[in-house]
Amino acid sequence: MKISKRIAIVLSVLLAMSFSAFANGQKDGGKPYIAVVSKGEQHDFWQQVKLGAMAAADEYAVDVTFEGPPSESDVQIQVEMLNNAMAKDPVAIALAALDTTSVMDQLEECKASGIPVIGFDSGVPNAPEGAIYANASTDNYNAAGMAAVEMFKVIKSDLEAATAAAPATIVVMNQDASGESLLSRGKGFRDNMIDLIVKETSLSEADIKVMGSPAYIDAKTPTSGKKVMIEMVVPASAANTDAMASSAAVLNKIEDVNILGIFCSNEATVKGLLAATNDGAELGSKYKGLVVLGFDAGEGQKNAVRSELFLGSITQDPYSIGYKAVELAFKAYEGKSVSDVDTGAKFYNKDNMDNDDIKGLLYD
């Protein structure tokens, strides 16, 4: 009994030490502790984010935990991860929320406790005012605008030749009409393409018609033109089968409406297009001349770019996203002023995808 009592006392002391190790957000020799809660962890994109986060942890001498749910549909698992992280009393948190409404209580608690929260990747849209100190993320609007620039270079002469009797069409494939990242990409491509057409051709905004999903059409969007159609397509759901079906529907009318180019705003829509074209093989035969650009860098997409079935794609910089998220969190903990950081994006094609500044960003 005495031995058991001694063991119990030792265990109690160790447990108390374990909890006190996180007191004031410090553990492992007094280093500040920052929790990074991601949308996922298995996908190579998130592994690159993690590498960046851990590099920043070394640079700023902080302890960092990085975790995310098995998939981006596991909202409750992410909530539990956030709760567990908060129980360790971090000095700051970096969060890529799957669903902001599911973490509102936690955000309010962090705000009340003075714990800085840094958003990363798509951030924490619609968070309580003052809860998010800054975001480390891709400027999706500008990144998609890069795709518009690259496509325009190739199709400019065909756009010039468009008439009311023989209009030209550009298709923008968007996985959904609600996610902030995808909305920004769709609108960024749309707006930049419109600006290029107006500034670089003899056509005017009155010649352009944006059509399709209402989520991508607003009061400033031209909707009555008859020479150039920009069609914003959204599949019935995020399922691969629906992305493929939408792609097939677009391809079935390619000659009827003179489709010059397709922009797929994320990996899911890229996969849908590739599935609808026999892994892209038909893009080089049946649909030869169609200009296709993607976003992100999965294996199939990279193969399509390398084979010149795609003109190219836009890639984010996940390593920089992770690094900047932890850097901002540390600076906010120190009481320094922080602001949103654009972690950048790059256009890659067959000619530059093996360059040192690009190849590390082409995650699967």
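Only the coordinates and a few stated rules stand behind these numbers; no lab work does. A quick note: this is a predicted structure, and the numbers were derived from the prediction, not measured. Note: ideal-geometry Cβ built from the backbone for every residue, glycine included; neighbour counts use all protein chains shown.
A simple count of charges around LYS302, restricted to other residues whose Cβ falls under 15 Å of its Cβ and scoring Lys, Arg +1 and Asp, Glu -1, yields -4. Note on THR101, THR223, THR138: ascending count of other Cβ atoms within 10 Å places them as THR101, THR223, THR138, the fewest first. When the P(r) is computed for the chain, the part past 39 Å accounts for 26% of the Cα-Cα pairs.
When only Cα pairs under 8 Å and 6 or more residues apart are kept, what is the percent relative contact order across the chain? Mind dumping the intermediate values first?
On the way: 735 pairs, mean separation 70.1, N = 364.
After rounding, I find 19 percent.
Normalised by the number of residues in region 211-339, the mean separation of alpha-carbon contacts (under 8 Å, six or more apart) gives a relative contact order of 17 percent. A 26 angstrom limit on the alpha carbon distance is what I want to check against. Which of LYS187/LYS336; LYS220/LYS286; LYS39/LYS346; LYS156/LYS346 exceed it? From LYS187/LYS336; LYS220/LYS286; LYS39/LYS346; LYS156/LYS346, over 26 Å: LYS187/LYS336; LYS220/LYS286. Of the residues SER246, SER337, SER204, the one that moves most in a GNM of the chain with alpha-carbon contacts below 10 Å is SER337.
Our summary gives region 140-315 a relative contact order of 25 percent, counting only alpha carbon pairs under 8 angstrom and 6 or more residues apart. Using a cut-off of 30 Å between Cα atoms, the listed pairs LYS153/LYS209; LYS88/LYS324; LYS226/LYS359; LYS50/LYS288 include LYS226/LYS359; LYS50/LYS288 as exceeding that distance.
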